Ligand SMILES: [Fe+2]
C-alpha cells in the first residue's frame, strides 16, 4: 500500500476591499445624510430599528451628486481590481458596462442591527463604511453553503468596519450587521451592481 493524500478547498467567494486613505469628504457626507434622514422616512428591509433610505434616493437629490461621483470612483476602482483575473473582466471590457442598480444609505442608531439577507437580482453587492463608532456592529459574512458549518467550520467571516473602506462581494453571499452597542450612529452606504 502506498497512500498519498491530497486536498483542495473549492468554491471560494471573493470579497474585494478598497480603503480611501484620505476619505476627506466624510464629515460633509455624514452631515448630508443626517440632514436627509431628518426630512425623509425610513424604509423597512433587513434593518431592525435604525433608518434606511429608499433605493436610488440620490437621483432626485442634486446636492448628493458630488458624493456620488466620489463613491462611483471608488466602486469602479474596486471592481477593476476585483475582476482582474475573473471572467468578469472580459465581460466588462467586451461591450458590457458595469451598472449601478441600486444604492441606499443605512443609519444604524444605537440598539439597531440588520438581519441576515442576500441581494437577489444583482451580480455584485457592496458597502462603503462611512461612520463606525467602536462596537457599533461588525459586518458578518456567512457561507451560503450552510452545511460547511458541519464540515470546515468556516461558515462565518467577521469584518470590523473601518471608515472609508468599501467592500464588494457576490450578491448571493448572506450577510448581516451586528447590534449597535455604541452610543453613536453607524452609517454605511450599500449598493448593487450588475453588468449590462
Ligand atoms: Fe446587505
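Here, each number is a calculation from the coordinates, and none is a lab measurement. The structure displayed is predicted, hence computed values, not measured ones. Please note: Cβ atoms are built from the backbone with ideal geometry, for glycine as well, and neighbour counts cover all protein chains shown.
Values as computed for the structure displayed
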| item | result |
| --- | --- |
| Expected 222 nm ellipticity per residue - DSSP helices of 4 or more, -39500 (n - 2.57), all of the chain, to 500 | -6500 deg cm²/dmol |
| Efficiency of FRET from Cβ geometry, residue 172 and residue 34, R₀ 35 Å, rounded to 0.05 | 0.60 |
| Rough spin-label spacing in nm, given labels placed 7 Å along Cα→Cβ, for residue 3 and residue 84 | 4.0 |
| Using alpha-carbon coordinates, inclination of helix 26-39 to the longest axis of the chain, degrees | 70 |
| Those residues of region 5-48 whose amide nitrogen sits under 16 Å from the label point placed on residue 92, 7 Å along Cα→Cβ | 14-19 |
| Rounded to 10°, Cα long-axis angle of helix 65-82 versus longest principal axis of the chain | 10 |
| Region 69-196 pair-distance distribution - Cα-Cα, 5 Å bins, rounded % | 2, 10, 19, 21, 19, 15, 9, 4, 1, 0 |
| Residue exposure sequence - 163, 8, 31 - by fewest surrounding Cβ within 10 Å | 8, 31, 163 |
| Mean separation of Cα contacts under 8 Å, 6 or more apart, over the residue count of region 18-195: relative contact order % | 32 |
| Virtual spin-label span in nm between residue 68 and residue 48, 7 Å along Cα→Cβ | 3.4 |
